[in-house]
1. Please give the peptides 6-18, 24-36 ranked by average Cβ packing (other Cβ atoms within 10 Å per residue), highest first, as a rough proxy for protection.
2. Note the full-extension length gain between residue 19 and residue 36 as 0.36 nm times their separation in residues minus their Cα-Cα distance, in nm to one decimal.
């Protein structure tokens, strides 16, 4: 037999807001950019030519017309 025991209690240190906030802002900006390309990218001010974005809207079920 072994005399080794395992503790089931663990402590998790909280993350400081200063470390999380820049990543949260970055993720929010990337999500807004993705929403723009899926929802509004088409027409005279289009950055990407072709129908790939339009077909992606249909694939994702995003209303476009």
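1. Averaged packing, sorted descending, gives the order 24-36, 6-18.
2. Working: separation 17, 0.36 × 17 = 6.12 nm, distance 2.72 nm.
Taking 0.36 nm per residue and subtracting the Cα distance, the gain is 3.4 nm.
We did not get these values from a lab; they are worked out from the coordinates using the rules stated. The model shown is predicted, which means the values in this text are computed figures rather than measured ones. Positions of Cβ are generated from backbone atoms using ideal geometry, with glycine treated the same way; all protein chains shown enter the neighbour counts.
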